[in-house]
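Everything on this sheet refers to the single structure shown next.
The values are calculated or read from the model by the stated rules, or taken from the named source; none is laboratory data. Quick caveat: nothing in here was measured; it's all calculated off a predicted structure. All Cβ positions, glycine included, derive from the backbone under ideal geometry; neighbour counts span all protein chains shown.
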Amino acid sequence: MSGDGTPRRAASAAASSLRFDVTTGDWVVVAAERGARPDGLAVTPPERSPTEDFDPECPFCVTGDAVVLDEELEPNDASRWSVRMIANKYPALRPELSSTRRQLGSMFHEMDGHGSHEVLIESPHHAVALTDQPLEHVERMLRVLHRRCRALALEPELEVVQIFKNSGAAAGSSQPHPHFQLIAMPIVPRQVRIKFEMAAEHFQLNGRSVYADVCAAELEARERLVATNADFVAFAPYASRAPYETWIVPRAPAPTFGLASGATLGPLADLLVDTLRRLRGVLGEAPFNLVINSAPRRHADEPDFVWHVEILPRLSQPAGFEIATGMAINPVPPELAASRLRAAGGASAR
């Protein structure tokens with residue numbers, strides 16, 4: 001039943017539906033029948049992880065000339081690093097460049113590529129995926145990312161700190177050694193602006209964060225829940241853009257990942273690994289993108305936005321419709337995806 005006593009309508013079971021994403025203002029096409037096409041989920045044979053533990057040609061195995069920005073040492077051997085954050089050898093943005101903006105004629109605007117581009121090397125081991133790491137090791141990774149977010153948030157010229165992981169060549173990874181990347185920039189990208197503006201509008205109307213409301217609604221509906229613990233909720237969002245898209249949202253809201261309580265990094269590691277293992281159980285070693293979304297620095301003291309993790313498997317490629325409209329077509333209804341992911345874990349969401 002809904003709050004006013006009327007029956008709550010179940011998610012559409014139609015072969016195709018248009019769903020509205022309250023966090024972006026976009027519409028998404030959920031078209032289950034398209035998944036039955038011969039190339040419905042055009043995945044090449046599962047990508048195999050490397051088998052060797054050390055590659056002398058890998059820049060993440062051999063880091064002697066790297067600029068180390070932060071690291072965690074092996075708990076039982078302080079002479080060896082366990083997780084290491086380094087400056088990207090081929091950065092998209094550089095901290096020494098100017099952020100002064102220039103106008104070239106009436107229609108052209110530019111600035112130097114000021115910012116920071118960093119790489120978190122998940123471990124010294126060339127072949128150990130995040131899903132195969134002990135939970136305490138994943139927590140160490142998150143601690144380093146957390147510290148770097150807090151440090152970069154103190155830089156007055158940097159507006160957005162974006163953390164992401166590309167897993168597999170089809171997801172954009174150029175190195176097989178497991179790693180995250182972090183890019184901090186002096187501008188607020190349009191997609192980040194839109195997400196924050198939608199969150200701000202919702203907060204002005206309702207006095208609550210749209211992400212907290214979505215999380216509460218998914219907990220009530222239950223049909224798209226994947227897994228939960230005391231601090232986080234994992235679910236397939238109602239307007240999922242990609243097959244098996246999964247979000248992890250904190251129960252205790254904070255605008256940026258850097259402002260998340262350090263005490264929650266262990267539970268985050270637990271649910272993150274659990275979710276990725278479920279995805280692997282259903283999809284095999286499919287490529288995926290993982291992003292940690294945060295509010296822009298100038299809004300980090302406002303309650304409108306809630307940082308959260310988004311995981312998007314790369315099972316299909318955008319084509320003409322998506323390019324022309326900016327809309328996504330998802331051939332796997334999120335209710336079905338969540339059901340399969342719950343089953344893959346051997347237990348229903350709590």
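Inside the stretch 284-320, can you point out the residues that are surrounded by fewer than 21 Cβ atoms within 10 Å (Cβ to Cβ), at pLDDT below 95 and more than 27 Å from residue 260 (Cβ to Cβ)?
Passing the criteria: 284, 285, 317, 318, 319.
Got at least one residue in the stretch 229-243 being in contact with a Phe, Trp or Tyr (Cβ under 9 Å, 6 or more places away or on another chain), farther than 30 Å from residue 283 by Cα and either among the aliphatic types (A, V, I, L, M) or in contact (Cβ under 8 Å) with a residue 24 or more places away in the chain (or both)?
No - not one qualifying residue is present in the stretch 229-243.
Got a number for residues in the stretch 160-172 being surrounded by fewer than 19 Cβ atoms within 10 Å (Cβ to Cβ) and closer than 19 Å to residue 93 by Cα?
So the answer is 3.
Of all residues being under 18 Å from residue 294 (Cα atoms) and out of contact with any helix residue (DSSP H, G or I) (no Cβ under 8 Å at 6 or more places or on another chain) in the stretch 201-253, which is surrounded by the fewest Cβ atoms within 10 Å (Cβ to Cβ)? Just the residue, please.
The selected residue is 201.
The rows are residues; the columns are (1) out of contact with any His (no Cβ under 7 Å at 6 or more places or on another chain); (2) charged (D, E, K, R); (3) part of a loop (DSSP other than H, G, I, E, B).
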| residue | (1), (2), (3) |
| --- | --- |
| 306 | yes, no, yes |
| 310 | yes, yes, no |
| 337 | yes, no, no |
| 343 | yes, no, no |
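Quick check: anything in the stretch 313-334 of a type in the set (Asp, Glu), touching a strand residue (DSSP E or B) at 6+ places or on another chain (Cβ under 8 Å) and farther than 21 Å from residue 233 by Cβ? Even if it seems obvious, please write down each step before you answer.
Let us first name the residues in the stretch 313-334 that are of a type in the set (Asp, Glu), namely 322.
In the following step, the residues that additionally are touching a strand residue (DSSP E or B) at 6+ places or on another chain (Cβ under 8 Å) were identified as 322.
From the residues that got through so far, the ones that are farther than 21 Å from residue 233 by Cβ too are 322.
Checked the stretch 313-334: at least one residue is of a type in the set (Asp, Glu), touching a strand residue (DSSP E or B) at 6+ places or on another chain (Cβ under 8 Å) and farther than 21 Å from residue 233 by Cβ.
Looking at (1) in contact with a strand residue (DSSP E or B) (Cβ under 8 Å, 6 or more places away or on another chain); (2) under 22 Å from residue 145 (Cβ atoms); (3) among the polar types (S, T, N, Q), which is the only condition residue 261 fails?
Condition not satisfied by residue 261: (1).
Restricting the search to the stretch 254-270, which residues are of a type in the set (S, T, N, Q) and in contact with a helix residue (DSSP H, G or I) (Cβ under 9 Å, 6 or more places away or on another chain)?
Step one: of the stretch 254-270, the residues of a type in the set (S, T, N, Q) are 256, 261, 264.
Residue satisfying the conditions is 256 alone.
For the stretch 67-114: of the residues being closer than 18 Å to residue 147 by Cβ and part of a loop (DSSP other than H, G, I, E, B), which is farthest from the chain's Cα centre (by Cα)?
Per the criteria, the residue is 75.
Condition first: surrounded by 20 or more Cβ atoms within 10 Å (Cβ to Cβ) and either closer than 28 Å to residue 183 by Cα or β-branched (Val, Ile, Thr) (or both). Can you find one or more residues in the stretch 334-342 that meet it?
no
Sort out which residues of the stretch 26-70 are in contact with a Phe, Trp or Tyr (Cβ under 6 Å, 6 or more places away or on another chain) and either surrounded by fewer than 16 Cβ atoms within 10 Å (Cβ to Cβ) or modelled with pLDDT under 90 (or both), and write them in order of number.
Filtering the stretch 26-70 down to residues in contact with a Phe, Trp or Tyr (Cβ under 6 Å, 6 or more places away or on another chain) leaves 27, 61.
Within the stretch 26-70, just 27 meets the criteria.
If only one of 129, 78, 153 is of a type in the set (A, V, I, L, M), outside the structural domain of residue 284 (by TED's automatic domain parsing) and touching a Pro at 6+ places or on another chain (Cβ under 9 Å), which one is it?
Answer to the check: 129.
If you go through the stretch 321-333 one residue at a time, how many are surrounded by 21 or more Cβ atoms within 10 Å (Cβ to Cβ), closer than 28 Å to residue 163 by Cβ and not hydrophobic (A, V, I, L, M, F, W, C)?
Result for the stretch 321-333: 1.
Kindly indicate which of 117, 146 is outside any loop (DSSP other than H, G, I, E, B), over 24 Å from residue 261 (Cα atoms) and assigned by TED's automatic domain parsing to the domain that holds residue 80.
On the way: 146 fails: over 24 Å from residue 261 (Cα atoms).
One residue alone meets the criteria, 117.
Would you check if residue 143 is buried (at least 17 other Cβ atoms within 10 Å of the Cβ), more than 26 Å from residue 296 (Cβ to Cβ) and either touching a residue at least 60 places away in the same chain (Cβ under 8 Å) or of a type outside the set (Ser, Thr, Tyr) (or both)? I'd like the intermediate steps shown before the answer.
On the way: buried (at least 17 other Cβ atoms within 10 Å of the Cβ): yes; more than 26 Å from residue 296 (Cβ to Cβ): no; either touching a residue at least 60 places away in the same chain (Cβ under 8 Å) or of a type outside the set (Ser, Thr, Tyr) (or both): yes.
No.
Being of a type in the set (Asp, Glu) and either out of contact with any Pro (no Cβ under 9 Å at 6 or more places or on another chain) or farther than 11 Å from residue 310 by Cα (or both) is the filter here, so list the residues in the stretch 216-248 that pass it.
If we filter the stretch 216-248 for residues that are of a type in the set (Asp, Glu), which is where we start, we get 218, 220, 223, 231, 245.
Residues satisfying the conditions are 218, 220, 223, 231.
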